[in-house]
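The values are calculated or read from the model by the stated rules, or taken from the named source; none is laboratory data. This structure is a prediction, so every number in the text was calculated from the model and none was measured. Please note: Cβ atoms are built from the backbone with ideal geometry, for glycine as well, and neighbour counts cover all protein chains shown.
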Amino acid sequence: MKRLLLFDIDSTLICSKGIWGKCFLEALQEVFPHIQKPQNVSFAGKTDLQICREILMYSNIPLIELEKKCDFILQRYEGKAHKAAQQYADKVEILPGVITLLQRLKQQKNITLTLLTGNIFVGAKIKLCCKNLDAFFDFEIGAWGDDNWDRHKLPAIAVSRAQKKLGISFSGKEVVIIGDTIHDVNCGKSLGVRSIAVGTGKQDKNVLLGENPDFYFDNLEDDKAFLEAINRVM
């Protein structure tokens, strides 16, 4: 009954109140001073690189420019993100039930804990280290926003990394993606994974349920029900 759990970060594990989103936009603006952020467009659940692409396209800047300057943007963001973590760590909140759930999951021998997030690798590490959550996860077998701009490509990357490191093949409902947006629910459907939607973000509950996740929880406080959901035979 092996399980590979792939957690989202923002609004699933922590609430950062836009601290790092501001850092990312500032880094992008330093490289492209005349960009315009699209109005009334949600970036929740999208990869950092997809957000870059959408902002540049909205600002009529050719995507080839992103390819040329992507590394520089991410370096600028890394520096700003580190400073923000030092200055605003007390403002970042661990969401209800998260620590208790992660502690219990970590004790389960059949469960491998890692991440599937739109954050670039270094951004994910900074955010979780900020609240001492990094020790719960294996960072060698997750998938990150700098692996591919398309979130739908990330589950296969995470599964492949897990197999290479652990020598264990995970497939179908053995893989569990947990997150707060429709992108979390949908990104693994091509692999037939188990999806768990949580209502701790800004996505409307009915919108989430409309994407037919395998399970839905308002939050992660009920660790017993969560364990039952990931272990249920499907």
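Structure summary
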read-out: Residue list for region 155-194, restricted to those being in contact (Cβ under 8 Å) with a residue 60 or more places away in the chain and in a helix (DSSP H, G or I); value: Pro155, Ala158, Val159, Ala162, Lys173, Glu174, Ile182, His183, Asp184
read-out: Residues (outside any strand (DSSP E or B), over 16 Å from the mean Cα position of the chain (by Cα) and among the hydroxyl-bearing types (Ser, Thr, Tyr)) located in region 93-117; value: Thr100
read-out: Members of region 200-224 found to be assigned to a helix (DSSP H, G or I) and in contact with a strand residue (DSSP E or B) (Cβ under 7 Å, 6 or more places away or on another chain), listed by number; value: Leu208, Leu209
read-out: Test: residue in region 54-64 that is closer than 30 Å to Leu166 by Cα, out of contact with any Lys or Arg (no Cβ under 6 Å at 6 or more places or on another chain), among the β-branched types (Val, Ile, Thr) and outside any loop (DSSP other than H, G, I, E, B); value: no
read-out: Filtered residue count, region 148-163, keeping only those that are at pLDDT 95 or above and either among the charged types (D, E, K, R) or under 10 Å from Leu49 (Cα atoms) (or both); value: 2
read-out: Checking Gly45 against (1) over 23 Å from Asp8 (Cβ atoms); (2) modelled with pLDDT under 90, the condition it does not meet; value: (1)
read-out: Whichever residue in region 200-210 is surrounded by fewer than 17 Cβ atoms within 10 Å (Cβ to Cβ) and free of Cβ contacts under 8 Å to residues at least 60 places away in the same chain and, among such residues, is nearest to Lys17 (Cα to Cα); value: Asp204
read-out: Counted residues, region 127-150 - those being in contact with an Asp or Glu (Cβ under 8 Å, 6 or more places away or on another chain) and in a helix (DSSP H, G or I); value: 2
read-out: Single residue of region 1-51 satisfying the filter (out of contact with any strand residue (DSSP E or B) (no Cβ under 7 Å at 6 or more places or on another chain) and among the polar types (S, T, N, Q)) that is surrounded by the fewest Cβ atoms within 10 Å (Cβ to Cβ); value: Asn40
